Amino acid sequence: MVALSTPYEYGDITVGELIPLFFRFVNLGLKFVYLTVTYPFNSTQYSLRRVLWRAFVQTICPNSTLRQMQWVCPRTGDLYEKYMQSQPGRPTVIHEDIGVEGASLHWIGPKSAENVMLFFHGGGYVLPAVEGHLSLVDFWRKEAKKRYGINMSVAILEYSLSNHAPWPTQLIQTIASLNHLLKEGYDPSNIILAGDSVGGHQVNFVLAHLIHPHPSVPAIKLAKPLAGAAMLSPWLSYAQTAPSFTRNAKTDLLPVETLHAWSEQLVQTRRTTDDGFFFEPAFAPPEWWAGLGDVVRSVLFTTGSNECMFDDIVATAHRMGKGAGPEAKLDCFVQHGASHNEALVEFACGDEPGPTTERVTSWIDSVL
């Protein structure tokens, strides 16, 4: 069993943990120099920024402890403040308590907007949001207005990470965030749920909870269905048994060993084990999704053909569509040649928006 870490403040690190991390960054710096010098002679399809970013992820994530990675990455709320201060006109910083310990909403755009995207960030339940998350959702917000005249703000949930609070804490916090928006008076038909990687897992279990409530959380009765739910490269199983984990091991962004370690952290510390299809929706049968059309008007899955989670995502989308029936609108968009979480990677690297990002943008117009 993996034990929860001894309680500590987020970002705390010992000298013994800092020293190897320092040398890891020295090694990374040397790798950056080599990759930059050799880039003109490399046949890669990626931009130099993406080559360097992939090197960073593949060097730091597999070899670092959770405490080390959390020392490198600022809290979601701190990152959000820095992002807002960097934007033209310095938009208003809005932190909002949702009545559940360890969780809060951070708003991009005014709370007075008619439409809201409730966004759940990825990071394996061990990392906070990164700047690419904020840039990505802000892009969707701005493009919705620019292209389609849709006024939409984004509420980003900051939730507890798994080495600070065990499952089902994250489920309780996530469902509380939607309940908070409903109590604030937002019309369900003007709310979009969206999330990447484990954020897509959060979207999935919210939909499940709306159909048949989780035993640890009060039921939510919607007056009408939600506008939509988008899951970008959702992490839907923590077993790594699908064939794509082997087939795409060399093409995906994160090494399989990292996915396994982060999965074990969540699986071995969970406090409830009677909620299997909430926890791993990849194993849910079609009938689990009967009634989906009563709680959401449109569901979008996205995935990359070169990611390890590909098979789980495609199979889950198929079973969800089969169980929900013809009245539920569901689409699974595949970006060929893309690895895990392609839309986030684009914005983390400063690349131009690609097919997945554009698919979500047009989907927002279709549901709002």
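The values are calculated or read from the model by the stated rules, or taken from the named source; none is laboratory data. None of these values were measured; they are calculated from a predicted model. Note that we place each Cβ from the backbone using ideal geometry, even for glycine, and neighbour counts take in every protein chain shown. Please note that ligands, DNA and RNA were not included when accessible areas were found on the heavy atoms of the full protein model with its side chains. Shrake-Rupley method; radii C 1.70, N 1.55, O 1.52, S 1.80 Å.
Listed by chain and number, the lysines placed with their C-alpha closer than 19 angstrom to that of LYS221 are LYS183; residues fewer than eight positions away on the same chain are left out.
Only aspartates and glutamates eight or more places from LYS146 in sequence, or on another chain, were considered; those with a Cα closer than 13 Å are ASP138, ASP365. Annotation: amide H-H contacts under 5 Å for CYS332 (H modelled 1.01 Å from N, sequence separation of 5 or more, or interchain): PHE301. Sequence-distant contacts, meaning Cα pairs under 8 Å at least 6 residues apart, place the relative contact order of the stretch 76-193 at 32 percent.
Atom-type composition of the exposed protein surface of the stretch 84-229 places 49 percent of the accessible area on carbon and sulfur (1.4 angstrom probe). Sorting GLU101, GLU342, GLU352, GLU9 by solvent-accessible area of protein heavy atoms yields GLU101, GLU352, GLU9, GLU342, largest first, with a 1.4 Å probe.
Loop-located trypsin sites (Lys or Arg not before Pro) in the stretch 242-286 (DSSP state other than H, G, I, E, B) with a sparse environment of at most 11 neighbouring Cβ atoms within 10 Å: LYS250, ARG271. Computed with a 1.4 Å probe on the full set of protein chains, the accessible area for ARG359 sits at about 60 Å². Taking all protein chains into account, the per residue accessible area for the chain stands at 41 Å² (1.4 Å probe).
In sequence order, the stretch 183-191 has phi-based couplings of 5, 6, x, 6, 6, x, 6, 10, 10 Hz under the Karplus curve 6.51 cos²θ - 1.76 cosθ + 1.60, θ = phi - 60°, and Gly or Pro positions carry x. For the stretch 55-61, putting each phi into the Karplus relation 6.51 cos²θ - 1.76 cosθ + 1.60 with θ = phi - 60° gives couplings of 4, 4, 4, 7, 9, 7, 5 Hz, in residue order, rounded to whole numbers and with x for Gly and Pro. Taking a straight Cα-Cα cut-off under 21 Å and skipping sequence neighbours fewer than 8 places away in the same chain, the lysines within cross-link reach of LYS145 are LYS111. Here the chain carries DSSP beta bridges of which approximately 25% are antiparallel, counting only pairs with both residues inside.
What translational diffusion coefficient, to the nearest whole µm²/s, does the chain have by Stokes-Einstein, given a Kirkwood radius computed over alpha-carbon pairs, a temperature of 10 °C and 1.306 mPa s viscosity?
Working: Rh = 20.9 Å.
D = 76 µm²/s.
In this structure, the amide hydrogen of MET117, modeled 1.01 Å from its nitrogen in the peptide plane, lies closer than 5 angstrom to those of SER153, VAL154, ALA155, ILE192, counting only residues at least 5 positions away or on a different chain.
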